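Colleague: Quick one: this structure, given as structure tokens, is what I'll be asking you about.
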Amino acid sequence: MSNWVKTILFLIGSALLTHWIPSSIFRNLDTMVHEFGHAAVTLALSGKVMYIELYRDHSGVTYSTITKPWAIIPVALAGYMTASLFAWFLFSAYAKGKQRLGLQVMLVLSGLSLVLFVRNGFGILFIIGFIVLTLVIMALTPQWLRDIYYLLLAFLCLEESVFGPLSLILYAWGDARQAGDATNLALRTGIPAIVWASFFTLFALWCAKRAVQAFLGRNKRAKSSSRYSPSASYRD
């Protein structure tokens, strides 16, 4: 079976499984990372971030001012691409047995978002709740429960990072003015919004493929090591 087929099946399975779990609130983690990407690139290009808002429906918005007209392009690109790279990072960390590092990165991004950017009520409550829960999971729970929590977050980020830009294609097809970042890029470059939405989707699928390869690679190594564990030997 090709890696692309595995990736598609993996994403479909992830979507089905995560929708059976009462995990809706955690989907805002992907939104937070998306908006953080916008904010970070804005600051890197000497722009000003006024604030970020996160909403209950898993959407978000970054309010900022940009002095360089061309800077809107990298800023608009940053959201979906950051979310896709972050999902890949989570699975790469898992493949290397560094789940704790992944959780620490989540906490750092959450803390920076809370202190620097997020200002609406729901967004603040979500981030505080997420930080507290993650700290409790890291400090007071056994390893198997931490791994389950980590994988739940990783799978949700992976799913959202792909299905988010995929839905953007539908928005761009129906009304190019309602396609968010793709619309902003279309207005600045003259390239249709649906082309930008397709680019985000392809990039997300490429990152998802690498994430799935990392996840399956770790599982294969674990099975192999358990099957061929070295036995003790004695030589006189």
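The values are calculated or read from the model by the stated rules, or taken from the named source; none is laboratory data. In this text, all values refer to a predicted model and were calculated from it rather than measured experimentally. Note: ideal-geometry Cβ built from the backbone for every residue, glycine included; neighbour counts use all protein chains shown. Ligands, DNA and RNA are excluded from the accessible area calculation, which covers all protein heavy atoms including side chains. Shrake-Rupley method; radii C 1.70, N 1.55, O 1.52, S 1.80 Å.
Colleague: Work through the residues other than residue 103 whose Cβ is under 15 Å from its Cβ and net out their charges, Lys, Arg +1 and Asp, Glu -1.
Modeller: +3
Colleague: Over the chain, calculate the relative contact order: mean separation of alpha carbon pairs under 8 Å at least 6 apart, over the residue count, as a percent.
Modeller: Relative contact order, the chain: 25 percent.
Colleague: Tilt of helix 193-227 relative to the longest C-alpha principal axis of the chain, in degrees (0 to 90, nearest 10)?
Modeller: 10 degrees
Colleague: So, one more: So for 149, 171, what's the accessible-area order with a 1.4 Å probe, most first?
Modeller: Ranking 149, 171 by accessible area, largest first, yields 171, 149.
Colleague: How big is the shadow of the Cα convex hull of the chain, averaged over all directions, in nm²?
Modeller: Mean projected area of the Cα convex hull: 16.7 nm².
Colleague: To the nearest 10 degrees, how steep is helix 3-20 against the longest Cα principal axis of the chain, on a 0 to 90 scale?
Modeller: For 3-20 against the chain, the angle is about 80 degrees.
Colleague: So what's the back-of-envelope 222 nm ellipticity for the chain, counting only DSSP H runs of four-plus at -39500 (n - 2.57) apiece and dividing by all residues, rounded to 500?
Modeller: Rounded to the nearest 500, it is -25000 deg cm²/dmol.
Colleague: Of the accessible area of the chain, with the probe set at 1.4 angstrom, what percent is carbon plus sulfur?
Modeller: Ligands and nucleic acids excluded, carbon and sulfur reach 66 percent.
Colleague: For residue 98, what accessible surface area do you get with a 1.4 Å probe? Give it in Å², rounded to 10.
Modeller: Answer for residue 98: close to 100 Å² accessible.
Colleague: Rolling a 1.4 angstrom probe over the protein heavy atoms, how many square angstrom per residue are accessible across segment 14-165?
Modeller: Dividing the accessible area of segment 14-165 by its residue count gives 45 Å².
Colleague: For residue 31, what is the net charge nearby, where nearby means another residue's Cβ is under 12 Å from its Cβ and Lys, Arg count +1, Asp, Glu -1?
Modeller: Local charge sum for residue 31: -3.
Colleague: Roughly how tilted is helix 143-174, in degrees to the nearest 10 and between 0 and 90, from the longest Cα axis of the chain?
Modeller: Helix 143-174 sits at roughly 30 degrees to that axis.
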